[in-house]
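Student: To start, I am sharing the structure in question, which I have written as structure tokens.
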Amino acid sequence: MRAIRFDHTGGPEVLTLGEVPVPEPKAGEILVRNQAIGINFIDTYHRTGLYPVKLPSGIGMEGAGLVEAVGEGVTRFVPGDLAAYASGPIGAYAEFHVGAAERAVKLPAGVSAQVGAAVLLKGMTAEFLIRRCYPVQAGQTVLIHAAAGGVGQILVQWAKILGATVIATVGSDDKAARAKALGADHVILYRDQAVAAEVRKLTGGAGVPVVYDSVGAATFEGSLGALARRGMLVSYGNASGPAPAIEPGRLSRMGSLYLTRPTLFDYVATTAELDESAGALFGLIAAGKIEVEIGQTFPLDQARAAHEALESRATVGASLLIP
Ligand SMILES: NC(=O)c1ccc[n+]([C@@H]2O[C@H](COP(=O)([O-])OP(=O)(O)OC[C@H]3O[C@@H](n4cnc5c(N)ncnc54)[C@H](OP(=O)(O)O)[C@@H]3O)[C@@H](O)[C@H]2O)c1
């Protein structure tokens with residue numbers, strides 16, 4: 001099968017297309033013939049070495065397609081089911097993917113492989129951030145960074161469903177229009193405007209009880225400065241580089257703040273949690289309450305161009321590779 005591989009860390013140019021054997025499902029595993037592959041920022045961290053992986057390696061965490069074969073003991077799927085997965089083993093950028101049946105979900109009727117691959121990882125991330133990591137309550141005002149991106153778009157819509165007022169940040173006027181269309185009440189252009197000062201203005205000086213920050217290095221200080229007393233900074237990504245170290249006493253001096261650095265894989269650690277998270281997400285999609293934007297699609301052999309687009313902030317919504 002055709003698969004994207006890399007044998008040393010670096011820029012998008014290290015990604016190369018090669019031929020590797022189709023993997024065989026062992027006991028408890030399923031083989032999925034990918035119809036669509038989700039591109040996620042975490043793939044760039046694996047490629048650069050920010051999150052180390054054993055080399056040489058495949059790349060990619062997310063995909064969807066028909067179950068081609070099941071290993072011994074699998075009861076969760078039968079061949080022909082439409083399945084999606086959003087976890088390891090790394091190597092989704094390929095024609096086939098093998099992984100544990102218990103880490104995959106069946107796509108409900110009406111959800112295509114393309115939508116499944118675009119939304120499972122990003123949407124379950126939004127789910128755990130907004131319902132479990134810091135559960136947003138109706139009437140609260142929340143700050144969501146990179147609101148026109150893959151995870152950001154889902155977060156904005158979910159926050160509105162929960163009855164929050166949303167302050168969104170984006171990097172361009174086009175993305176501002178997109179965030180507004182999805183329900184954001186206020187939009188800050190964080191490349192030009194000072195985030196903490198703008199948030200104080202919009203909240204009568206109080207600040208917000210929670211900031212969802214996927215940008216990391218570039219936004220960290222502004223996020224802390226935007227928080228209300230006892231507010232929580234949910235730092236969940238590194239799009240601009242990792243957030244800096246912080247001395248705990250600063251959290252005290254800034255108003256008894258909380259800081260957490262969560263990852264999806266600890267919030268869908270069991271199959272029950274995975275099914276609950278995916279079920280909540282697909283329920284809202286089926287009800288027409290969450291819209292999934294597939295902003296860009298690339299053929300499998302264009303993985304390099306896809307990474308270049310994602311890292312240069314040129315994408316909106318989710319991006320897919322099509323094998
Ligand atoms: N912790 C977890 O479990 C978890 C799970 C999934 C995703 N994430 C994180 O969530 C974030 C979003 O992931 P995604 O796949 O949906 O990507 P994305 O949001 O579609 O793309 C990243 C966006 O970040 C913004 N950005 C700001 N500064 C940037 C910079 N220097 N370089 C590149 N982008 C920059 C850009 O939007 P603007 O142009 O509007 O600035 C860009 O479009 C990533 O940080 C990812 O690591 C974390």
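Student: So in the chain, what percent of DSSP beta bridges are antiparallel if you round to the nearest 5? Don't skip to the end; give the middle numbers.
Tutor: Values: 31 of 56 bridges.
Counting only bridges with both partners in the chain, antiparallel ones make up about 55 percent.
Student: I want to verify a result. In a Gaussian network model of the chain, Cα cutoff 10 Å, which of these has the top mean-square fluctuation: Arg33, Arg230, Arg250?
Tutor: Of Arg33, Arg230, Arg250, the most mobile in the Gaussian network model is Arg250.
Student: Using amide H atoms built in the peptide plane, which far-off residues or other-chain residues are under 5 Å from Ile188 H to H?
Tutor: The answer is Ala168, Thr169, Val170.
Student: Roughly what would the spin-label model give for Asp173 and Ala280, points 7 Å off Cα along C-beta, in nm?
Tutor: With each label point 7 Å from Cα toward Cβ, the separation is 3.8 nm.
Student: Report the one residue of Val156, Ser319, Ala280 whose Cα lies farthest in the direction of the positive end of the charge dipole of the chain (charges on C-beta: Lys and Arg +1, Asp and Glu -1; origin at the Cα centre).
Tutor: Val156
Student: Along Cα→Cβ, 7 Å out, is where each label goes; now give me the distance between the ones at Thr263 and Ala287 in nm to one decimal.
Tutor: Taking the simple label geometry, Thr263 and Ala287 are separated by 3.2 nm.
Student: Here is a further query. Could you list Ser87, Ser235 so that the one with the fewest beta carbons within 10 Å of its beta carbon is first and the one with the most is last?
Tutor: The fewest-first ordering by Cβ neighbours comes to Ser87, Ser235.
Student: Could I ask something else about it? Can you list the aspartates and glutamates whose alpha carbon is less than 20 Å from that of Lys54, not counting same-chain residues fewer than 8 positions off?
Tutor: Asp7, Glu13, Glu19, Asp43, Glu62
Student: Which length gain, in nm to one decimal place, applies between Arg229 and Met1 when the Cα-Cα distance is subtracted from 0.36 nm times their residue separation?
Tutor: 76.6 nm
Student: Right, next: Starting from the amide H of Gly231, placed 1.01 Å from N in the peptide plane, find each other amide H under 5 Å away whose residue is 5 or more places distant or on another chain.
Tutor: Sorted by chain and number, the residues that satisfy this are Tyr258.
Student: Moving on to the next point. Among Ala226, Ala184, Val211, pick out the residue whose Cα is farthest towards the positive end of the charge dipole of the chain, where Lys and Arg carry +1 and Asp and Glu carry -1 on C-beta, about the Cα centre.
Tutor: The listed residue farthest towards the positive side: Ala226.
Student: Here's a follow-up. Using Cα-Cα distances under 8 Å and only pairs 6 or more residues apart, what relative contact order does the stretch 137-261 have, in percent?
Tutor: 20
Student: Order these by the 10 Å Cβ neighbour count, fewest first: Val22, Val215. All intermediate terms of the calculation are to be shown ahead of the outcome.
Tutor: On the way: Val22 14, Val215 24.
The fewest-first ordering by Cβ neighbours comes to Val22, Val215.
Student: Based only on other Cβ atoms within 10 Å, what is the fewest-to-most ordering of Phe220, Phe96, Phe41?
Tutor: Sorted ascending by nearby Cβ count, the order is Phe41, Phe220, Phe96.
Student: Based on Cβ point charges of +1 for Lys and Arg and -1 for Asp and Glu, what charge dipole magnitude is obtained for the stretch 137-261 about its Cα centre, in debye rounded to the nearest 20?
Tutor: Numbers: 12 positive and 8 negative charges, 56 e Å.
Dipole about the Cα centre, nearest 20: 260 debye.
Student: Please work out whether the stretch 148-207 counts as rounded, prolate or oblate from its C-alpha gyration tensor, where a ≥ b ≥ c are the square roots of the eigenvalues and a/c under 1.5 means rounded, while otherwise a/b larger than b/c means prolate and anything else oblate?
Tutor: oblate
Student: Still on this model: Taking each full run of DSSP H in the chain as one helix, which ones are at least 20 Å long along their axis (Cα atoms) and have mean Kyte-Doolittle hydropathy of at least -0.5? Can you show the working numbers first?
Tutor: Details: long enough: 113-128 (22 Å, 0.97); 271-286 (22 Å, 0.82).
Passing helices, by number: 113-128, 271-286.
Student: Quick check: pseudo-label points 7 Å beyond the Cα along Cα→Cβ at His8 and Thr75, how many nm apart are they?
Tutor: Each label point is offset 7 Å from its Cα along the Cβ direction, giving 5.0 nm.
Student: Which semi-axis lengths, in whole Å and largest first, follow from the square roots of five times the eigenvalues of the Cα gyration tensor of the stretch 80-127? Don't jump to the answer; show the numbers that get you there.
Tutor: Values: eigenvalues 51, 38, 23 Å².
With the √(5λ) rule applied to the stretch 80-127, the semi-axes are 16, 14, 11 Å.
Student: Taking 2.2 N^0.38 Å as the expected size of a compact globular protein, what ratio does the Cα radius of gyration of the stretch 137-261 give against it, to two decimals?
Tutor: The value comes to 0.96.
Student: Moving on to the next point. With 5 Å bins from zero, work out the P(r) of the stretch 175-323 over every alpha carbon pair and list the percent per bin.
Tutor: Distribution as computed: 2, 8, 12, 15, 18, 19, 15, 8, 3, 1, 0 percent.
Student: Another question about this same structure. Stick to the Cα atoms of the chain, pair each with every other, and give me the Kirkwood hydrodynamic radius in Å at one decimal.
Tutor: Computed over Cα pairs of the chain, the Kirkwood hydrodynamic radius comes out at 20.0 Å.
Student: If you take the beta carbon distance between Ala27 and Glu247 as r and set R0 to 45 Å, what does 1/(1 + (r/R0)^6) give as a FRET efficiency, to the nearest 0.05?
Tutor: E between Ala27 and Glu247, to the nearest 0.05, is 0.40.
Every read-out reported here was derived from the displayed coordinates using simple, explicitly stated rules and does not represent laboratory data. Since we're looking at a predicted model, the values are computed, not measured. Reconstructed Cβ throughout: ideal geometry from the backbone, glycine too, with neighbour counts over all protein chains shown.
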